[in-house]
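Visitor: Take this structure first; my questions come after.
The values are calculated or read from the model by the stated rules, or taken from the named source; none is laboratory data. What you see is a predicted model; the values in this text were computed from it and never measured. Here Cβ is always computed from backbone atoms with ideal geometry, including for glycine, and neighbour counts include all displayed protein chains. What goes into the accessible areas is simple: the full protein's heavy atoms, side chains included, and nothing from ligands, DNA or RNA. Shrake-Rupley method; radii C 1.70, N 1.55, O 1.52, S 1.80 Å.
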Amino acid sequence: MEAKANGLNGEYSGRLIDGPTNPMVTPLLTDQYQFTMAYAYWKAGKHQERAVFDLYFRKNPFRGEYTVFAGLEECIRFIANFKFTEEEIDFLRQTLPSSCEDRFFDYLRGIDCSDVEVYAVPEGSVVFPKVPLLRVEGPIAVVQLLETPFVNLINYASLVTTNAARHRFVAGKSKILLEFGLRRAQGPDGGIGASKYCYIGGFDATSNVAAGRLFGIPLRGTHSHAFVSSFMSPDEIIDKSLLSSDGSSTCEDFVSLAQTWLSKIQWSNPLRGIFGETNQSELAAFTSYALAFPNHFLALVDTYDVVRSGIPNFCAVALALNDLGYKAAGIRLDSGDLAYLSSEARKFFRTIEKEFGVPGFGKMIITASNDLNEETLDALNKQGHDVDAFGIGTYLVTCYAQAALGVVFKLVEINNQPRIKLSEDVSKVSIPCKKRSYRLYGRESYPLVDIMTGENEPPPKVGERILCRHPFNESKRAYVVPQRVEELLKCYWPGTSGKEREILPSLKDIRERCIKQLEQMRPDHMRRLNPTPYKVSVSAKLYDFIHFLWLNEAPVGELQ
C-alpha cells in the first residue's frame, strides 16, 4: 500500500513516522463500544460528520497541584500508522453482532487518519485540570475509535512522569536519581513506559536495558546480593592479575593487594576498633567484581554488615584499585537506616582520604535504594544524610500513591454546533465548543493562570487587562495583565487542513522542556503539603456561553 502525503502509513511531508513503540498498540486496542458506536454512526449516516473532542483530566494526581503531560509522541505514531489489517477486519466481523452489514466492514477497511487533526500541548509541559491536552477533530466515527487508545497512551505516561517529577522535586537538583523499577512494573509495557517517562520527569538513568536501547536513556547498574553471597572464599578467584590503568604494569596478585589494604585500614589509628574481622567471602566478591570492572567498581555493601564488613571491604578493594591508577565509583546501601549508614560511610571515606592521602576518596558516591518513595526522601532530608544517588523502583513505576490520572475524552462540538456534557457533579460538566488555550505570565515570569477562550475570540495581549473567570463558580474571577502570553495547543497532525505540523522533539528535548517548565512554576504550587491551587479559567464570553448552553440543555422539572 502506497503512503500518501496526508499521513497514511506514517508519512507526512516526506518524513516517515515510526509505528508505536509497543506493537500491541493497533486499531483493535480499544473498547468494544467504540466499534458498536462506529457502526451505529455509520448505520445512521452520521459517520462522516465533523466532530471535535477534548482530551483532559479533572484532578491533579498525588494530592498535588500540577501534572506533567506525556504520551503525545505515541499518540501521533499511532494515528500516523492507523490502518486495519484484513485479519483485524475478519476478527471484528466474527465479534460484532451478526446484524452488522458487510458494507460497514468495507468502510472500516478503507479508513485511516488522513482527515483527522490533532492539536496538543507540547509533550513535557506542566498542565492543569480541565485545560485540553489534546483537541482531536475529524469524522466522528474515526475519532471515536481513537478515544480509548489515546486515553490509554496518555493516562499512565502522564501519571508516572508526574510521579518522577515529584520525586525529583523532593530529592533536589543535585542528587542522582536512578529508575530501578522494571522487576516491579506492571508487565513489560509498564516497565518500558516507566523508564521512558521517568527519564522525562527528571530521572538521570535506568537499569532497564531494553529502554536504554529503545530510547537512548543512560543505563546504570552494579550487582545484587546474590553475587556477593555466591562467593565462599578468595581462593575461588582464579585469575588474580590486573593491568594498571595506564597499561604500564601488571599486579600479579590483586587479591593479596586488597587483603593487605584491609589490614592497613584495620590497624590504622583513626579506624582501630571500629571493626574486627570482615566477611572474607564478601571481600572475595568485591575483589572479583573489581577485577571484572576496575573502572566501574560500585559495591553493594549490606549483604552481611554495612559498618563492620561491607564498608571496610569496599575501601580495601578501592584502595588497591587506587594503587593501579583506577578510581572506584562508590557503594550502594539497600537496607537499614539509610541516613545513619550513609553518614557513617561518609565519615569512613573521609578518614581514609586523610589517613592514607587519597584525594577525592571522601567524596565517594553513596547510592541508596530499598523501596524508596516521596515520603522516604522527605524524611531523609529532614534527618540529614550523605546519600548522593537514589535508586527508586516499586513506588515510582507502579504509581503506588495513585492508580490512574483519570483522563477523559469528551465531545465538545459536532457540525460546528457546540455540545456540553452535564452532571449533578459540577466537576464532571464539560466545557463546550472548539477552544483555544493560553498561559498568562506575570512580572516575575511565573505562570499566573491558564485561560480558555472560544476559537474565534481575539487572543489575550501582553499589557492588556483581561477578565479571567472560573468556569463554574460565579464569584471566582480576577483581572490579569499578562507580561507574556503563550498559546498552549499546537498542531501535531494537520490532516487535510494544510496547516504546518509541529515536528516531534527528541526525548532529551522533551525532558529539558519538563525540567524548565517545572523550574518556572511558583514554589507554593509545587510544595508537597497544602500546595496552592493553580488557577484555570475561561474568558468572560466563554463563561456566558457555557452557562447559556447549560441552561438550554438541562431538562426543566415540573412540580405537582
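Visitor: I want the antiparallel fraction of DSSP beta bridges within the chain, as a percent rounded to 5.
Guide: Values: 45 of 65 bridges.
Expressed as a percentage, antiparallel bridges in the chain total about 70.
Visitor: Same structure, new question: Quick check: at a probe of 1.4 Å, how many percent of the accessible area of the chain sits on carbon and sulfur atoms?
Guide: The C+S portion of the solvent-accessible surface of the chain is 50 percent.
Visitor: Just need the Rg to Rh number for segment 484-538, please, alpha carbons only, Kirkwood Rh. Show your work: numbers first, answer last.
Guide: Values: Rg = 15.7 Å, Rh = 14.4 Å.
Taking Rh as the inverse mean 1/r over Cα pairs, Rg/Rh reads 1.09.
Visitor: Looking at segment 216-369, what % of its DSSP beta bridges pair antiparallel, to the nearest 5?
Guide: If we restrict to bridges inside segment 216-369, about 20 percent are antiparallel.
Visitor: With label points built 7 Å along Cα→Cβ from the Cα atoms of residue 508 and residue 96, find their separation and express it in nm.
Guide: Label at residue 508, label at residue 96, 4.6 nm between them.
Visitor: Could you work out Rg/(2.2 N^0.38 Å) for segment 95-152, with Rg from alpha carbons only?
Guide: 1.49
Visitor: A further question follows. Taking only protein heavy atoms into account and a 1.4 Å probe, give the accessible area per residue of segment 340-401 in Å². It would help to have the intermediate numbers written out before the result.
Guide: Values: 2690 Å² over 62 residues.
Result: 43 Å² of accessible area for each residue.
Visitor: Could you order peptides 341-353, 416-428, 493-505, 438-450 by the average number of other Cβ atoms within 10 Å of their residues, highest first?
Guide: With the highest mean Cβ count within 10 Å placed first, the list reads 341-353, 438-450, 493-505, 416-428.
Visitor: Under the rule of -39500 (n - 2.57) per DSSP H run of 4 or more residues, summed and divided by the residues of the chain, what mean residue ellipticity at 222 nm is obtained, to the nearest 500 deg cm²/dmol?
Guide: -11000 deg cm²/dmol
Visitor: Let me ask something additional. What number, in percent, do you get for the relative contact order of segment 184-291 if the mean sequence gap of Cα pairs under 8 Å and at least 6 apart is divided by its residue count? Walk me through the numbers before you get to the answer.
Guide: Details: 94 pairs, mean separation 24.9, N = 108.
Taking the mean separation of contacting Cα pairs over the length of segment 184-291, I get 23 percent.
Visitor: Related question: Binning at 5 angstrom from zero up to the longest distance, how are the C-alpha pair distances of segment 350-471 distributed in percent?
Guide: Whole-percent P(r) values from 0 Å outward: 2, 7, 10, 10, 9, 9, 10, 9, 9, 8, 5, 3, 3, 2, 1, 0, 0.
Visitor: Sticking with this structure for a sec: For 24, 364, write out the residues from largest to smallest accessible area, computed with a 1.4 angstrom probe and no ligands counted.
Guide: Descending accessible area places them as 24, 364.
Visitor: Once the Cα atoms of segment 40-128 are picked out, what are the Rg and Dmax in Å?
Guide: 17.7, 50
Visitor: Expressed as a whole percent, how much of the Cα-Cα distance distribution for segment 129-195 exceeds 13 Å?
Guide: Distances greater than 13 Å cover 73 percent of the Cα pairs.
Visitor: Name the shape class, rounded, prolate or oblate, that the alpha-carbon gyration tensor gives for segment 19-90, where a ≥ b ≥ c are the square roots of its eigenvalues, rounded holds for a/c under 1.5, and otherwise prolate holds if a/b is larger than b/c and oblate otherwise.
Guide: Oblate, since a/c reaches 1.5 and b/c is not below a/b.
Visitor: Angle, helix 540-553 long axis vs. longest principal axis of the chain, Cα atoms, 0 to 90°, nearest 10?
Guide: Around 60 degrees separate the two axes.
Visitor: Measuring with a 1.4 Å probe in the full set of protein chains, what accessible area per residue, in whole Å², belongs to segment 418-545?
Guide: 54
Visitor: Here's something else I'd like to know. For segment 301-357, what D do you get in µm² per second when you plug the Kirkwood radius from alpha-carbon pairs into Stokes-Einstein at 25 °C and 0.890 mPa s? If you can, show how the numbers build up before the last one.
Guide: Values: Rh = 11.8 Å.
Answer, rounded: 209 µm²/s.
Visitor: A follow-up question, please. Can you tell me the alpha carbon radius of gyration of segment 219-333 divided by the globular rule-of-thumb value 2.2 N^0.38 Å?
Guide: Taking the Cα Rg and dividing by 2.2 N^0.38 Å, one obtains 0.99.
Visitor: Taking the mean number of other Cβ atoms within 10 Å as a proxy for protection, how do you rank 218-228, 68-78 from highest to lowest?
Guide: 68-78, 218-228
Visitor: Just to be sure I understand, if you calculate percent of Cα pairs over 35 Å apart for this structure, which of (i) 49; (ii) 43; (iii) 36 do you get?
Guide: Structure-derived value, by its label: (i).
Visitor: Report the percentage of all Cα-Cα pairs in segment 75-198 whose separation exceeds 19 Å, rounded to a whole percent.
Guide: Here the long-distance tail beyond 19 Å is 62 percent of all Cα pairs in segment 75-198.
Visitor: Another question, if that's okay. Once you sort the root eigenvalues of the Cα gyration tensor of segment 160-240 as a ≥ b ≥ c, which label holds: rounded (a/c under 1.5), prolate (a/b larger than b/c) or oblate (the other case)?
Guide: Working: a/c = 2.61, a/b = 1.98, b/c = 1.32.
The shape class here is prolate.
Visitor: Anything over 28 Å Cα to Cα? Flag those among 130/499; 43/410; 173/264; 59/516, in the order listed.
Guide: In this structure, 173/264 exceed 28 Å between Cα atoms.
Visitor: Tabulate in residue order the Karplus-calculated ³J(HN,Hα) for segment 189-204, using 6.51 cos²θ - 1.76 cosθ + 1.60 with θ = phi - 60°, rounded to whole Hz; enter x for Gly and Pro.
Guide: 5, x, x, 5, x, 4, 4, 5, 7, 5, 5, 4, x, x, 6, 8
Visitor: Using only Cα atoms, what is the ratio of the radius of gyration of segment 434-550 to 2.2 N^0.38 Å?
Guide: This ratio for segment 434-550 stands at 1.20.
Visitor: Could you pull out the pairs from 421/541; 83/435; 461/541 whose alpha carbons sit more than 27 Å apart here?
Guide: As for pairs spanning more than 27 Å Cα to Cα, those are 83/435.
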